[in-house]
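Here's the structure we're looking at; comments come further down.
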Amino acid sequence: MTILAQGEGPSPMDLLIAHLIAAVVFSVVGIVVFCLCLFVLDKLTPFSIIKEIGEDHNQALGIIIGAIVLGMSIIIAAAISG
């Protein structure tokens, strides 16, 4: 008789490993998509975001970019969680 015929399911350790692998894969996919979004955002702006925030201390741009980053993060998290 096979394991499934006996009515036994996967062990808790197998489920834990499967969930950990899924979490790592989805985390990597989310980070890659997030970095891609930041790259596209940087290319779409007619100025250097890093120069404006880092060297010129443009607080308004920092707040706007922070809001965009939070929005992208929420959208990516919702897409990954299903």
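The values are calculated or read from the model by the stated rules, or taken from the named source; none is laboratory data. Note that the coordinates shown come from a computational prediction; the quantities given were computed from them, not determined experimentally. Heads up, the Cβs are rebuilt from the backbone with ideal geometry, glycines too, and the neighbour counts pull from every protein chain shown. Side chains are part of the model used for accessible areas, which takes the heavy atoms of the whole protein and leaves out ligands, DNA and RNA. Shrake-Rupley method; radii C 1.70, N 1.55, O 1.52, S 1.80 Å.
Return yes or no: is ILE31 aliphatic (A, V, I, L, M), free of Cβ contacts under 8 Å to residues at least 24 places away in the same chain and in contact with a Gly (Cβ under 6 Å, 6 or more places away or on another chain)? Considered against the rule, which asks whether it is aliphatic (A, V, I, L, M), free of Cβ contacts under 8 Å to residues at least 24 places away in the same chain and in contact with a Gly (Cβ under 6 Å, 6 or more places away or on another chain), ILE31 comes out as no. ASP14: open to solvent by less than 90 Å² (accessible area, probe 1.4 Å), under 13 Å from VAL69 (Cβ atoms) and of a type in the set (D, E, K, R), yes or no? Spelling it out, it is not the case that ASP14 is open to solvent by less than 90 Å² (accessible area, probe 1.4 Å), under 13 Å from VAL69 (Cβ atoms) and of a type in the set (D, E, K, R).
With respect to the conditions (1) β-branched (Val, Ile, Thr); (2) assigned to a helix (DSSP H, G or I); (3) modelled with pLDDT under 90, ILE3 falls short on a single one, namely (2). HIS57 meets each of the listed conditions (1) open to solvent by 60 Å² or more (accessible area, probe 1.4 Å); (2) in a helix (DSSP H, G or I) apart from (2).
For the condition open to solvent by 80 Å² or more (accessible area, probe 1.4 Å), under 28 Å from SER81 (Cα atoms) and of a type in the set (A, V, I, L, M), LEU36 qualifies. Of the set (1) at pLDDT 90 or above; (2) at positive phi, all apply to GLY82 but (1). Quick check on SER27: is it among the hydroxyl-bearing types (Ser, Thr, Tyr) and open to solvent by less than 60 Å² (accessible area, probe 1.4 Å)? Criteria not met by SER27.
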